[in-house]
1. Just to be sure I understand, how many residues within the range B:84-101 are away from chain A (no Cβ under 14 Å) and crowded, with 22+ Cβ neighbours inside 10 Å?
2. Looking at the range B:149-156, is at least one residue of a type outside the set (Lys, Arg), part of a strand (DSSP E or B) and within 25 Å of residue B:99 (Cβ to Cβ)?
3. Of the residues B:107, B:74, which single one is closer than 21 Å to residue B:160 by Cβ and either at pLDDT below 90 or hydrophobic (A, V, I, L, M, F, W, C) (or both)?
4. List the pairs whose first member sits in the range A:135-153 and is over 16 Å from residue A:120 (Cβ atoms) and free of Cβ contacts under 8 Å to residues at least 40 places away in the same chain, whose second member is outside any strand (DSSP E or B) and open to solvent by 70 Å² or more (accessible area, probe 1.4 Å), and whose Cβ atoms are under 8 Å apart, counting only residues at least 6 apart or on separate chains?
5. Determine if the range B:111-121 includes at least one residue that is outside any loop (DSSP other than H, G, I, E, B) and over 35 Å from the mean Cα position of the chain (by Cα).
6. Does residue B:108 qualify as being out of contact with any helix residue (DSSP H, G or I) (no Cβ under 9 Å at 6 or more places or on another chain) and under 29 Å from residue A:122 (Cβ atoms)?
7. Look through the range A:54-89, keep the residues that are in contact with a Gly (Cβ under 6 Å, 6 or more places away or on another chain) and more than 14 Å from chain B (Cβ to nearest Cβ), and return whichever of them is most open to solvent (accessible area, probe 1.4 Å).
8. Conditions first: (1) more than 8 Å from every other protein chain (Cβ to nearest Cβ); (2) of a type outside the set (S, T, N, Q); (3) in contact with a helix residue (DSSP H, G or I) (Cβ under 6 Å, 6 or more places away or on another chain). Residue B:168 passes all but one, so which condition is the exception?
Amino acid sequence: MRHLPHIIAAVAVLLSLTLSCDDHTCYDRQSSVPLAHFNNDGAQAELSGLSVRGLGAPGDSLLIDSSDVTDLHLPLPVNDTVAAFRLWCIATDEDGNKSTVADTLRITYRPIAYFDSRECGAMYNYEIRGVTVTHSMFDSVGVVQALVTNVDVESLILYLAQ
Amino acid sequence: MRPMLALLMSLMALVMPPLTLADEPQRRVSPVRPETNVTRQPGKDVDDKVVERYLQGDTLSALAEARRDSLRKIYTRYPRLTAMALGVNVGDLLMAAFGQDYTSIDINAQLNLWNRLQPILSVGMGRAKSTPDDANYTYRGKWSPYISLGADYNFLFKSSPDYNLLLGVRAGYSNFGYDITDIAINNGYWGEHPVVNIEGERSHALWGEIALGLRVKLVKRWSLGWTVRYHWLFNYGKNEHSKPWYIPGYGARGNRLAVSLTLSYVLPFYHPTPPPKQ
């Protein structure tokens with residue numbers, strides 16, 4: 001019993017040291033990017049040979065280059081409120097003739113500077129205010145989650161034309 | 001007729017006795033063992049009035065009072081206002097010296113009631129400044145106040161008030177401000193690398209704590225206390241542009257444990273007479 005205060009003091013010091021060992025892992029993303037899925041007749045669909053680029057991106061760089069995809073991430077500019085993306089596939093008909101089928105997806109949004117946590121840091125969130133798509137490949141587009149955050153969940157659904 | 005009546009009576013005498021015996025209550029006899037039949041003697045220090053009350057038949061209350069009297073002679077019963085401790089918590093100051101990104105200091109007043117129950121009030125200020133190595137921002141928590149109210153129970157109530165082993169609960173509240181500055185955004189696809197600030201953010205937080213601590217006398221009226229606190233947030237304010245990372249009085253929002261180190265000056269209200277030696 002005489003040594004109990006010393007024992008507890010030692011435990012308190014050890015606990016103090018362990019308290020400084022925080023978990024610095026970010027379990028979500030460190031940026032906010034809208035995620036779009038494709039839907040065909042009520043089920044998630046895959047588009048083959050899809051290419052995507054942002055209209056006005058430096059160097060016309062591609063987001064996706066002729067890949068088979070079921071979903072895609074669409075980064076938005078932070079210094080603007082409207083972003084447009086060109087989506088196209090190269091289709092081959094029965095005679096072997098190739099043709100390009102393309103659509104333009106336009107997103108209207110409000111960028112919001114946001115601090116999430118010490119681990120994930122600061123980023124821009126986006127409040128989607130409107131979405132339109134042309135109708136070569138797609139029938140329509142729907143907004144699932146209007147506020148895009150660093151949690152990677154579906155924001156948009158692109159319904160394929162029948 | 002007579003012989004038949006006699007025969008009937010004989011038959012009844014044969015049949016009736018077992019039925020008759022079963023109806024009568026059985027007498028049980030408990031023999032008294034001579035060695036258990038002893039007279040109880042009262043303890044040496046039992047008051048004569050208590051003994052007299054026992055002999056008059058009020059045995060239960062007399063025995064209870066005799067036990068209370070004997071316990072009083074084993075350890076001191078302290079009055080309601082036993083002492084008050086005025087302290088300064090320097091735990092976060094010390095941790096900041098070892099690299100913690102936030103600091104705080106609070107003063108607290110703790111009453112010692114009956115050397116058992118000890119309500120405590122703490123008032124303090126805290127701030128933070130953090131630029132994590134792998135992050136793109138600087139978090140600046142402004143000097144902001146907090147308050148905490150609770151009570152501890154002293155498990156060493158039979159001992160001197162100079163040594164306390166405390167377990168208690170508390171509730172805390174803070175209203176605070178913070179900025180997040182020098183946020184470097186990397187939007188490589190669109191070729192954007194802006195640096196932005198989120199300033200003037202305000203929030204509040206309400207939390208609960210369970211605290212386990214020890215306070216020991218150092219010298220004269222000075223004591224040192226260690227407390228480990230397990231806490232959780234009841235609610236906190238979230239803004240459009242941020243969630244707070246540091247909460248004054250609580251610590252980092254994601255942390256569940258905190259440690260206090262309190263230097264106290266104890267004002268005794270009661271000086272007990274040592275119990276007589278047995």
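The values are calculated or read from the model by the stated rules, or taken from the named source; none is laboratory data. Everything numeric in this text was worked out from a predicted model, so none of it was measured. Every residue, glycine among them, receives a Cβ derived from its backbone with ideal geometry; neighbour counts consider all protein chains shown. Side chains included, ligands, DNA and RNA excluded: accessible areas come from the protein's heavy atoms. Shrake-Rupley method; radii C 1.70, N 1.55, O 1.52, S 1.80 Å.
1. 2
2. Looking only at the range B:149-156, we keep the residues that are of a type outside the set (Lys, Arg), and these are B:149-156.
Next cut, part of a strand (DSSP E or B) only: B:149-154.
After this cut, where a residue has to be within 25 Å of residue B:99 (Cβ to Cβ) as well, the list is none.
Looking for residues that are of a type outside the set (Lys, Arg), part of a strand (DSSP E or B) and within 25 Å of residue B:99 (Cβ to Cβ), one finds none in the range B:149-156, hence no.
3. Every option except B:74 fails the conditions.
4. Short answer, once both residue conditions are applied: A:139/A:162.
5. Here is the first cut: in the range B:111-121, the residues outside any loop (DSSP other than H, G, I, E, B) are B:111-113, B:117-121.
Remaining after also requiring over 35 Å from the mean Cα position of the chain (by Cα): none.
No.
6. Against the criterion (out of contact with any helix residue (DSSP H, G or I) (no Cβ under 9 Å at 6 or more places or on another chain) and under 29 Å from residue A:122 (Cβ atoms)), residue B:108 does not qualify.
7. A:66
8. Only one criterion is unmet by residue B:168, namely (3).
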